[in-house]
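Data first, discussion second: the structure below is written as structure tokens.
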């Protein structure tokens, strides 16, 4: 077993995954450095969501290795992986999945409250992120009376409120109009950099790719399409990130 590089907060090698015998990933290897924003691009069905789910421990590759801070995620039990996702990872989906009975601030604060954070502290943190995402005036409203774009911003606030080590975002701006996408992207990237959050974004949005530090392109989950990055390799000549079949 090869140990992951010290400067990679996430590192994966030889990821394979199939749905009912149909391959979604076939030999994907990738490294993500601490505090960087990595965009994973490619057409629909190229394996972007599956890659994020493998990296975050939602799916187990077969075969393949996933490491987080030099600890093997792929060998953890299901409860251990769930705890890792709850305590260290954040997730933004392409659709806002909010609890309909809760208000906006309660939805945004929910992960903190589930960790045992004091009610007042959790409410303050949720409120700050709702304000940053321009939905502070929705804090006492329930999802049913809100627009889709407002619900998505609340879901993003919920993911950021915990200040995760790694934030996974699967098409986070898909439900938003162009003007909303630009504002949300600025907030997301600014928050990531100011709080040193590593972000892995699966996207079809070219604007996200331009804001990222690096871009990896997938096609059919098994083609080597190269990497867009300011530096093709680090100081030791190791490829900064690779996608291989």
Pairs, please: C-beta under 8 Å, at least 6 apart or cross-chain, first residue at positive phi and touching a residue at least 12 places away in the same chain (Cβ under 8 Å) and in the range 181-203, second surrounded by fewer than 18 Cβ atoms within 10 Å (Cβ to Cβ) and not in a helix (DSSP H, G or I)?
196/34; 196/35
Considering each residue of the range 96-109, count those that are touching a helix residue (DSSP H, G or I) at 6+ places or on another chain (Cβ under 7 Å) and crowded, with 18+ Cβ neighbours inside 10 Å, and give that number.
7
Residues within the range 53-94 that are under 20 Å from residue 206 (Cα atoms) and surrounded by fewer than 20 Cβ atoms within 10 Å (Cβ to Cβ), tallied:
2
Taking the criterion of being assigned to a strand (DSSP E or B), touching a strand residue (DSSP E or B) at 6+ places or on another chain (Cβ under 7 Å) and closer than 20 Å to residue 171 by Cα, would at least one residue in the range 64-73 satisfy it?
no
Pairs under 8 Å by beta carbon, first residue under 13 Å from residue 28 (Cβ atoms) in the range 60-79, partner exposed (fewer than 12 other Cβ atoms within 10 Å of the Cβ), six or more apart or different chains?
65/1
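Name the strands (runs of 3 or more DSSP E) wholly within the range 165-245 that hold at least 3 residues that are more than 30 Å from residue 147 (Cα to Cα) and modelled with pLDDT of 80 or more?
Values: elements: 166-170, 198-203, 214-217.
Where strands (runs of 3 or more DSSP E) fall fully within the range 165-245 and carry at least 3 residues being more than 30 Å from residue 147 (Cα to Cα) and modelled with pLDDT of 80 or more, they are 214-217.
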Qualifying positions in the range 124-138 - out of contact with any helix residue (DSSP H, G or I) (no Cβ under 6 Å at 6 or more places or on another chain) and either outside any helix (DSSP H, G or I) or in contact (Cβ under 8 Å) with a residue 40 or more places away in the chain (or both)
134
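Surrounded by 20 or more Cβ atoms within 10 Å (Cβ to Cβ), closer than 27 Å to residue 46 by Cβ and touching a helix residue (DSSP H, G or I) at 6+ places or on another chain (Cβ under 8 Å), is that true of residue 182? Before you say what the answer is, go through the steps one by one.
Working: surrounded by 20 or more Cβ atoms within 10 Å (Cβ to Cβ): no; closer than 27 Å to residue 46 by Cβ: yes; touching a helix residue (DSSP H, G or I) at 6+ places or on another chain (Cβ under 8 Å): yes.
Judged against the criteria, residue 182 is not a match.
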Residue count, the range 8-25 (criterion: surrounded by 15 or more Cβ atoms within 10 Å (Cβ to Cβ) and at pLDDT below 90)
2
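Checking the condition more than 18 Å from the chain's Cα centre (by Cα) and touching a residue at least 40 places away in the same chain (Cβ under 8 Å), which residue from 143, 172 passes?
On the way: 172 fails: more than 18 Å from the chain's Cα centre (by Cα).
After ruling out the rest, the residue left standing is 143.
The values are calculated or read from the model by the stated rules, or taken from the named source; none is laboratory data. Since the model is a prediction, treat every value here as computed from it, not as a measurement. Every residue, glycine as well, gets a Cβ built from its backbone with ideal geometry; the counts of neighbours run over all protein chains shown.
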